Structure formats: structure tokens, C-alpha cells
């Protein structure tokens, strides 16, 4: 669900992890790039993305250069470096790397819990004719009429 306020798992102590960082470049309103000559300040040209996986997948499908206006970070730069920047630009391919990082972390979590997962009881999956399916429809949820037909009248051929 991302590192957004709408996520119930978020609290004021939650920090966006490093693996969600994308490299980019800061620009001012006149399209001038922030040039950093001090290698110790290179971290400024990286931004950690907060959106959830679904939104990141959409962002990664973009073409050209992407731009954000993260005002909280531009204020920090202005206060500490006396430079007025407003836009952070980065490539969609960087977002693809963030998605890969998320997948790798998920696989690591699953691997660490392998014993607990294999200890779970097997779930019996009912036959397709036994399931009355609810599907999203135009006005909310709707019934799969074919499944209802099979349920009421059986599978007569």
C-alpha cells in the first residue's frame, strides 16, 4: 500500500526504506540543474518513493523523464544549502529497479518463513460447479450467471 498516510500500518516513526530510492536531479523553476561538487552531498540527488506497488508499476511504464515536486525536501535543501530548487526529475527505469527491490525483499521474507508456510494445513479447493461466484460489475458486485445456472440446474449436457 506504500508509505502514504492512508496506509493503516504507517505511523510517525515509519521511515521510507533505502531500497525505494531513485537517483535523479533537482531543478529550479528556471530549469537550472542543481550542481553538487561535494561527493558527500550526493545523497541529495536521490529520492525515496512513497507510492504503493500498483502505482509504481504505472510510473515505471512511463516514457521520458518523470518529475515530482516534493516540497518538504526542497525546503530542506533551501534551508541548508541556500539554493531554491522545486522539481526532482528521474527516469522510469529507476522505478523498475525499486519494484525489483520490493520483489526481492518479499522473496527474502517468504524464504525466512518457509517452515511456517509449509506447516499450514492444505486447503481443499471446491469444484467449480460448487462455487457461486461474485464478480465486480457495473453497479458493484454481481453474480456469475453461468455459475448460478450450474448450481441450480447442474451440468446437464
In range of the label at residue 7: residues from segment 46-64 whose backbone nitrogen is under 18 Å from the point 7 Å along Cα→Cβ
47-60
Would you compute, for the Cα atoms of segment 18-117, the largest minus smallest coordinate along each principal axis and list the three values in descending order, in whole Å?
54, 30, 21
Evaluate the distance, in nm, between pseudo-label points positioned 7 Å from the Cα of residue 19 and of residue 54 along their respective Cα→Cβ axes.
2.2
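Each reported figure results from applying straightforward, stated rules to the coordinates on display, with no laboratory input. The shown structure was predicted, so the numbers you read here are calculated from the model rather than taken from an experiment. Quick reminder, even Gly has a Cβ in these numbers, built from the backbone with ideal geometry, and neighbours come from all protein chains shown.
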